[in-house]
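Novice: Here's a structure for you.
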Amino acid sequence: MSKHEISLQVNGRPVEAVVEPNMSLLELLRTQAGASEVKLGCGEGVCGTCTVLLAGEPVNSCLVFAVQAEGHEVTTVRGLAGEGEELHPLQRSFLEHAGSQCGFCTPGMLLTAKWYLDGHPAAGREELRAALAGNLCRCTGYTKILDAVEAYRDLEVTHVD
């Protein structure tokens with residue numbers, strides 16, 4: 001197989017990589033971009049553990065080829081916090097409301113929730129539940145995750161008004 005040189009941005013940082021055509025974005029992020037926070041769950045696009053934002057849209061990075069990220073911005077959970085911030089307010093909400101236990105699913109939950117609320121700031125609990133349906137958690141039962149997302153939503157709505 002011939003290798004391809006690609007360029008992309010990971011959390012605002014330029015990344016140049018040489019990849020095989022069948023390399024997943026997940027593998028590229030972990031092995032060449034230093035993004036070890038992106039986790040391999042099922043490897044089949046079912047669990048949402050490896051979710052990242054590719055050009056602003058959530059994707060299962062285990063299902064996307066690295067070459068498809070050419071020229072795009074990839075945001076991982078480390079990229080949520082702004083310059084000089086330790087944590088994004090949604091991450092703080094997860095901490096304050098015990099929205100994670102083992103934490104393995106948390107990056108995918110955070111990125112999906114942030115993406116969804118950016119487009120649906122007044123989403124109700126059932127809408128949030130549906131938006132997060134592609135992210136599986138085997139620990140929490142989702143109640144505290146939804147509590148954390150709702151608390152963040154309410155905080156953001158208060159700041160907008």
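Laboratory data are not the source of any read-out in this text; all were calculated from the coordinates shown. Just so you know, these numbers come straight off a predicted model, no measurement behind them. Note that we place each Cβ from the backbone using ideal geometry, even for glycine, and neighbour counts take in every protein chain shown.
Novice: Would you list which lysines come within 27 Å of Lys114, measuring only between C-alpha atoms, while excluding same-chain residues fewer than 8 positions from it?
Specialist: Leaving aside lysines fewer than 8 places away in the same chain, those within reach of Lys114 are Lys39, Lys144.
Novice: Looking at the stretch 4-79, what % of the alpha carbon pairs are farther apart than 16 Å?
Specialist: Details: 1081 of 2850 pairs.
Pairs farther apart than 16 Å: 38 percent.
Novice: A further question follows. Testing the spin-label approximation: label points 7 Å from Cα along Cα→Cβ at Leu63 and Leu87. State their distance in nm.
Specialist: About 3.0 nm separates the two model spin labels.
Novice: Report ³J(HN,Hα) in whole Hz for each residue of the stretch 63-69, in order, from the Karplus equation J = 6.51 cos²θ - 1.76 cosθ + 1.60 where θ = phi - 60°; Gly and Pro get x.
Specialist: 9, 9, 6, 4, 4, 6, 8
Novice: Let me ask something else. Per DSSP H run of n ≥ 4, the term is -39500 (n - 2.57); total these for the chain, divide by its residue number, and report the mean residue ellipticity at 222 nm rounded to 500 deg cm²/dmol.
Specialist: Values: 5 runs with 54 residues, N = 161.
That calculation yields -10000 deg cm²/dmol at 222 nm.
Novice: On to the next question. Could you check the simple spin-label distance between Glu127 and Leu40, using points 7 Å along Cα→Cβ, in nm with one decimal?
Specialist: Reported label-point gap for Glu127 and Leu40 is 3.7 nm.
Novice: Let me test this: with uniform point scatterers at the alpha carbons of the stretch 89-160, what is the Debye-based log₁₀ I(q)/I(0) at q = 0.14 1/Å?
Specialist: Log10 of I(q)/I(0), two decimals: -0.35.
Novice: Pick the calculated log10 I(q)/I(0) by the Debye sum over Cα atoms at q = 0.09 Å⁻¹ for this structure from (i) -0.50; (ii) -0.29; (iii) -0.39?
Specialist: (ii)
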